[in-house]
Amino acid sequence: MTRGVSSAPQTDTRNRRVLLAKPRGYCAGVDRAVQAVEQALDKHGAPVYVRKQIVHNVHVVRTLEERGAIFVDETDEVPEGSLVVFSAHGVAPVVHEEAERLSLRTIDATCPLVTKVHKEAVRFAADDYDILLIGHEGHEEVIGTTGEAPEHIHLVDGPGDVDKVEVRDPEKVAWLSQTTLSVDETIATVDALRNRFPKLLDPPSDDICYATQNRQTAVKEIAEQAQLVIVVGSTNSSNSVRLVEVAKDHGADAAYLVDYAEHIDETWLEGVDTVGVTSGASVPEELVRGVLDRLAEHGFDHVDEVESVKESMHFALPHELRRL
């Protein structure tokens, strides 16, 4: 049985089909971070230590571990003088200070878009603003950004948190956000904050990263036409979890998150003729191909790729690697 790929969705729903979202999978920041670890291993040999998961994907982490990467939770777990890579999600200044104290060689694989948010936090804090950081408590990106200006930042985890916010001066308030949030929920949170603080200052540019927005736009389009949406990604990946939520909010009867094709439950496919498929920004394409093969085994052997936004972003490798 062959699987065809065409450029536009078909209208005949009598045949089982897959709507494959584009763009999907690796964003420029993830590609850069994964390459940073791979090239560090190539140039320096194993082991290369990585603080936290380089990106939030089970398969990527396992693959890098097989090559000799050692993932640790804290900097002080890295032997003195060793090489350590900081993850794409960014770290607080105190982490850099600790690495220097331990004489560690560092490669900073923080996504440039996260670095942008860090710089905005520093600038607003220097101007003595209270900073309302929209994000999820405990997420590594939020921890890193908060560390840039801990005395100025207040976490706001969605519209429900807005009434709890206390600031020193309602006239001097700015907002920032975690880069991987739901675009719609972030807009709702900002609107609620502005109702409380009419003088709320915006960041110089949108903090939600281009890849997060593009993948959410794509999944909205396929969710309108699919009874079921399968998102390939890991449960600790904020942007992948958001894709499931967005799919449900925009027409899909059901949406599920899976790491691998074998995690698909056959009962999900009962009574379904159109399945939407996408993947989070930290997911390699081979995992999506595995899902398509699994669906083809169940009669979903025609794939229509639905391109919502053209994407061509690329980031240079961390400067520590470029020097080499």
Exercise. Within the stretch 58-73, how many residues turn out to be within 15 Å of LEU41 (Cα to Cα) and part of a loop (DSSP other than H, G, I, E, B)?
Worked result: 1
For this session: Report whether or not VAL94 is under 25 Å from VAL55 (Cβ atoms) and open to solvent by less than 10 Å² (accessible area, probe 1.4 Å).
Result: no
Exercise. Of all the residues that make up the stretch 191-223, how many are assigned to a helix (DSSP H, G or I), of a type in the set (A, V, I, L, M, F, W, C) and in contact with a Ser or Thr (Cβ under 8 Å, 6 or more places away or on another chain)?
Worked result: 3
Exercise. Does the stretch 29-44 contain any residue that is at negative phi, at pLDDT 95 or above, open to solvent by 10 Å² or more (accessible area, probe 1.4 Å) and in a loop (DSSP other than H, G, I, E, B)?
Worked result: no
Exercise. If you take the residues of the stretch 49-74 that are within 22 Å of GLU141 (Cβ to Cβ) and touching a Leu at 6+ places or on another chain (Cβ under 7 Å), which of them is surrounded by the most Cβ atoms within 10 Å (Cβ to Cβ)?
Worked result: ILE54
For this session: Please identify the pairs in which a residue from the stretch 256-284 that is closer than 23 Å to TYR210 by Cα and in contact (Cβ under 8 Å) with a residue 40 or more places away in the chain has its Cβ atom under 7 Å from the Cβ atom of a residue that is open to solvent by less than 10 Å² (accessible area, probe 1.4 Å) and of a type in the set (D, E, K, R), counting only partners at least 6 apart or on another chain.
Result: THR278/ARG215; ALA281/ARG215
For this session: Tell me which residues, restricted to the stretch 207-265, are among the aromatic types (Phe, Trp, Tyr) and either closer than 20 Å to SER308 by Cα or open to solvent by less than 20 Å² (accessible area, probe 1.4 Å) (or both).
Result: TYR210
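Results for (1) under 25 Å from the mean Cα position of the chain (by Cα); (2) assigned to a loop (DSSP other than H, G, I, E, B); (3) surrounded by fewer than 19 Cβ atoms within 10 Å (Cβ to Cβ), shown as yes or no for each residue.
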| site | (1), (2), (3) |
| --- | --- |
| SER282 | yes, yes, no |
| VAL288 | yes, no, no |
| ALA296 | no, no, yes |
| HIS314 | yes, yes, yes |
| GLU320 | yes, no, yes |
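The values are calculated or read from the model by the stated rules, or taken from the named source; none is laboratory data. Treat the numbers as computed from the prediction; the structure is a model and nothing was measured. Note that we place each Cβ from the backbone using ideal geometry, even for glycine, and neighbour counts take in every protein chain shown. For the accessible areas, the whole protein counts, side chains as well, though only heavy atoms, and no ligand, DNA or RNA atoms are used. Shrake-Rupley method; radii C 1.70, N 1.55, O 1.52, S 1.80 Å.
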